[in-house]
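Remarks on the structure that follows.
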Amino acid sequence: MQIMTVLGPIIVAVVYISLCSLFEEPNRQNFNAIIIAGAGAAYLNGGFGVWEFAFLGVVTFCAYQWLRSYSFIDVG
């Protein structure tokens, strides 16, 4: 196994968390909700057929809820 297969996601996570710590509340919560909603849209044309649209609908609904609740962000 290549070392970057493991270290790559860890490095990206540490950088993301470090940069997000610079935001103040509630901007950090709103930013995380937008990022997770965008990540949900990345699954379009991912080979799941019509279920991609259902998944996108669920993620969009949750993103709206995430604007008010960290519990939904944790799920994302």
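No value in this document is a laboratory result; all are computed from the given coordinates. Every value quoted in this text rests on a predicted model; they were computed, and no experiment measured them. Don't worry about glycine lacking a Cβ; one is built from the backbone with ideal geometry, like all the others, and counts go over all protein chains shown.
Matching the structure-derived Kirkwood radius over Cα pairs in Å against the labelled list [x] 14.1; [y] 13.0; [z] 13.8 gives the label [z]. For the listed peptides 10-17, 27-34, a ranking on the average number of other beta carbons within 10 Å per residue, highest first, reads 27-34, 10-17. Could you work out the helix-only [θ] at 222 nm for the chain, with each DSSP H run of four or more residues adding -39,500 (n - 2.57) and the total divided by the number of residues, to the nearest 500 deg cm²/dmol? Computed mean residue ellipticity for the chain: -23000 deg cm²/dmol.
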